[in-house]
Amino acid sequence: MARQTNTRLREKVIYSVFVRNHTKEGTFQALEGDLDRLAALGTDIIWLMPIHPIGEAGRKGTLGSPYAIRDFRGINPEYGTLGDFMHLVGEIHKRGMKCIIDVVYNHTSPDSILATGHPEFFLRDEAGNPTRKVADWSDVVDLDYSNRELESWNMLYSQMASDMNVTTNLWEGLLSFDCYGKAVPSVAKEWSHNEDSSVWTFNLRDDVDWVDVNGEVKAHLTSKDFLVGLEWVLNAAKNQANNTSMPNETLVGAADYYQKTSDMGDAAAELTYQDMLDAGVGVEAPDDYTLVFTCKDPCPYFDTVAAYTSFYPASEDLINELGVEGFRACDYTNMWYNGPYVVEEFISQNTKSYIPNPNYFGANDVSRFDRFTVTMISDGTVTFQLYQNRELDEMDVGESTLTTIQADPNSEYNAQLCEKRPKKFSYQMHFNYQKNNEDGTPDDNWNKAIANTAFRQCFYKGLNLTNWYARTNKINPLKCENDCYTMPGVCYNTQGQEYSTLVAKEMGFDGEAYDGKTMIRLRSNNGDIADLKKQAMDELSAIGVTFPVHAAYYIIAGSTSALDNTTVLKQCFTDSFGDDFIVLDIKTYVSSITQEVRNPQLQSFVINGWGADYGDPQNYLGQECYGNDNAYYSAHYSYINEITEPDETNADLLATYQEYTELVEAADAITTDLDARYAAYAKAEAYLLDHVLVMPCNYSIGWCLSKVDNDSKIYAMYGSQNEKMKNWDTHVDGYTSEEKGVAEQIAAYTEKNA
């Protein structure tokens, strides 16, 4: 995201080159002859489309697609040799430009080295043959990342959620979270900040040890280990740009130190934490059990930032023992742990078993399992069989398993279905205020319509999405309803009030409770928007808008599930608005929504999810601000920043965005009073929703069979600790729908589908 991109890269000009077509010869050598011209255009970065050998199997045409890659480590001989490529890169650098190459790891050619050598890596159809998600792409087979193995055992390096579900059980950082998402002590036993929250002090426990895979103590953990860990993360030669965004964005001098190490190249691997301190990075360790962080700006949410793995400790002794390369590529046998568990057994692509760390500092304060095992299973049918045989203690219930259970009214599992808590993302409909037609001309009809407040309010107050929610949650669809922008659970005020309840109060529906029958935001008018619809049509007809207004919604071609999902959404539009007001047009793209849809600005809206990076409403509301290129959705989805000279059709829209932006900036400026800060943000969010600058849609809530009470798990909206297996309440026979308060919903669903 632009927000996470190094500041020195955000203004760079990138020129895309398809070597085959760029010159008559279609070679690296021929491209060199055009570099002076490209540099004179102001190009900073040459972006080469894939330069790798192209597969033969299923090849389209005589030359094939560069995205049907046969060998990720090879060079397409049509372009030249590896030496030719290296010479080209050198010539690019001589002209002050950089070079990046386009590599797609979603798929390969059917005859690729990976496909022939590791067929287990690939997506399979029902017959067990390698397949693809897009039917038209007959020259590729898709890699299957749904059942992936660990990318890295190194907790400082990895940013993959599937990795963090493992590493969170092996390491502890400064802070953890409780089942409500509130920060609680971990290695830091207490913490505080100065008046404006720019300086944070963490006081550490003095009883934390590093242990090896056998649970034997190897070293004592002190504040120096956190300095070592942070230097590793910020050192480009050691960490290779992974996991850097949090410290770079928040700490004094962090981004500059990272850039310094990047400029140094391999030589930076010799730097130590003392070099980081000497460079002025905002961290210090006054003694063995105290850490002090200095932020670039007041940061009242820094405690939630400090809980990330990028702030985890690392042992200097272990790094010295393994070396830089060895530590980066460490495995479970040679790593050191400080968390609640150590690894008992690891079988790649199969199982990972863990047993309690005998020297865990919190052993007397928490409950742990004597052993727990994570099993990698790709077949949902097999998963259900294993659960029935008591070989699994928890499984997600997909549509096929739900159908199997519901087909047998006497099945004991009908009474054991339990609803999971929402995933860490809220989804919103982001309008495009500068839409183009497919011929590149402005879509004036849509642009005028969506700039009208009454027109947008019809979405929020009249669009009934109940049937669309059922695509995600068949049993209890309205639990997926999202009425706010900010995900519930992001933060709490000093009175313990969850932030989104403050927004609901501002909107006037804080007294409305979930009833499983009617969307909350439609209750005030029973979804009747006749007057609002008439107002919008009258105002828009006066400026030349014709009805119905067509909304273009794009899905990937060949995806049956996407088409089914969007067909339901289209019907929701029809049922809510009729056919004379707003009509949803389902459009398709072939491969890249960015290149084919977003860049040419063809979409009327997209539905995208956003998850919190830290515990503050700025996470969400800052994405919609006018005039801020770091506001991701404003810059990349709404294109509101492109309206610099408003006219009579969009002046009100721009003024609304400006007012909203001022409200957000005013809230962000409050750093000494959290209650006042959240109250101000709630007013800004209510303003955003009342004027429907963005349209909240849904949360993702699934179902499971479980012997674990999901309400007892860590439930943070950010970070990597939700799968930490501590203090879980368990039941040997599994929890029932009645115990979890969802029996009524199960019964209603069963009756409906009987």
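Going by a ≥ b ≥ c, the root eigenvalues of the Cα gyration tensor, does the range 499-618 fall in the rounded group (a/c under 1.5), the prolate group (a/b larger than b/c) or the oblate group? Oblate, since a/c reaches 1.5 and b/c is not below a/b. As a proxy for reagent exposure, 590, 343 were ordered by neighbouring Cβ count within 10 angstrom, fewest first; the result is 590, 343. Loop-resident GluC sites (Glu not before Pro) (DSSP state other than H, G, I, E or B) in the range 156-215 with no more than 14 further Cβ atoms inside 10 Å of their Cβ: 195. Using the rule -39500 (n - 2.57) for each DSSP H run of four or more residues, divided by the residues of the chain, the 222 nm mean residue ellipticity is -8500 deg cm²/dmol. If both residues of a DSSP beta bridge must be in the range 2-142, then about 35% of such bridges are antiparallel.
Restricting attention to the chain, close to 80% of DSSP beta bridges with both partner residues there are antiparallel.
Relative contact order, percent, of the range 627-742 when contacts are C-alpha pairs under 8 Å separated by at least 6 residues? Relative contact order for the range 627-742 comes out at 14 percent. Since only 561, 536, 633 are under comparison, the one whose Cα sits farthest along the positive direction of the charge dipole of the range 536-653, derived from C-beta charges on Lys, Arg, Asp and Glu, is 561. Per-residue extension of 0.36 nm, minus the Cα-Cα distance of residue 290 and residue 547, leaves a gain of 86.0 nm for this segment.
Charges were assigned to the Cβ only: +1 to each Lys and Arg, -1 to each Asp and Glu. The resulting dipole of the range 331-409 about its Cα centre is roughly 220 debye. Checked against a 29 Å cut-off, the cross-linked pairs 505/726; 60/424; 479/533; 12/587 give Cα-Cα distances beyond that limit for 505/726; 60/424; 12/587. The Cys residues in the chain with no partner Cys Cβ within less than 4.7 Å of their Cβ are 99, 179, 330, 418, 458, 480, 484, 491, 572, 625, 697, 704.
Here the peptides 736-743, 302-309 are ranked by packing, the mean other Cβ count within 10 Å, and the order with the highest first is 302-309, 736-743.
In a reduced charge model with +1 at each Lys and Arg Cβ and -1 at each Asp and Glu Cβ, the range 430-699 shows a dipole moment near 1000 debye about its Cα centre. Here the 3J(HN,Hα) profile of the range 444-459, calculated from phi with Karplus coefficients 6.51, -1.76 and 1.60 at θ = phi - 60°, is 4, 5, 5, 4, 5, 5, 6, 6, 8, 4, 4, 4, 5, 5, 4, 4 Hz, Gly and Pro shown as x. Across the range 318-465, Cα pairs under 8 Å and at least six residues apart give a relative contact order of 10 percent.
Dipole check for the chain: with +1 at the C-beta of Lys and Arg, -1 at the C-beta of Asp and Glu, and the Cα centre as origin, the magnitude is about 1280 Debye.
Summary value for the chain: 15 percent relative contact order, contacts being C-alpha pairs under 8 angstrom separated by 6+ residues. Restricting the range 199-301 to GluC sites (Glu not before Pro) that sit in a DSSP loop and have at most 13 other Cβ atoms within 10 Å of their own Cβ leaves 216. In the chain, with Lys and Arg counted as +1 and Asp and Glu as -1 at Cβ, which of these residues, 50, 232, 363, has the Cα nearest the positive end of the dipole, that is, farthest along it? Value: 50.
For residue 351 and residue 375, the difference between the fully extended length at 0.36 nm per residue and the C-alpha to C-alpha distance is 8.2 nm.
Farthest toward the positive end of the dipole of the chain, out of 33, 375, 137, is the Cα of 137, where the dipole comes from beta carbon charges about the Cα centre. A simple packing score, the average count of other Cβ atoms within 10 Å per residue, orders the peptides 621-627, 326-332 as 621-627, 326-332, with the highest score first.
Taking every DSSP bridge with both residues inside the range 430-699, close to 40 percent are antiparallel.
Read-outs: derived from the displayed coordinates by stated rules, not from any lab. Keep in mind that this is a model prediction, so the values were computed, not measured. All Cβ positions, even for glycine, are placed from backbone atoms using ideal geometry, and neighbour counts span all protein chains on display.
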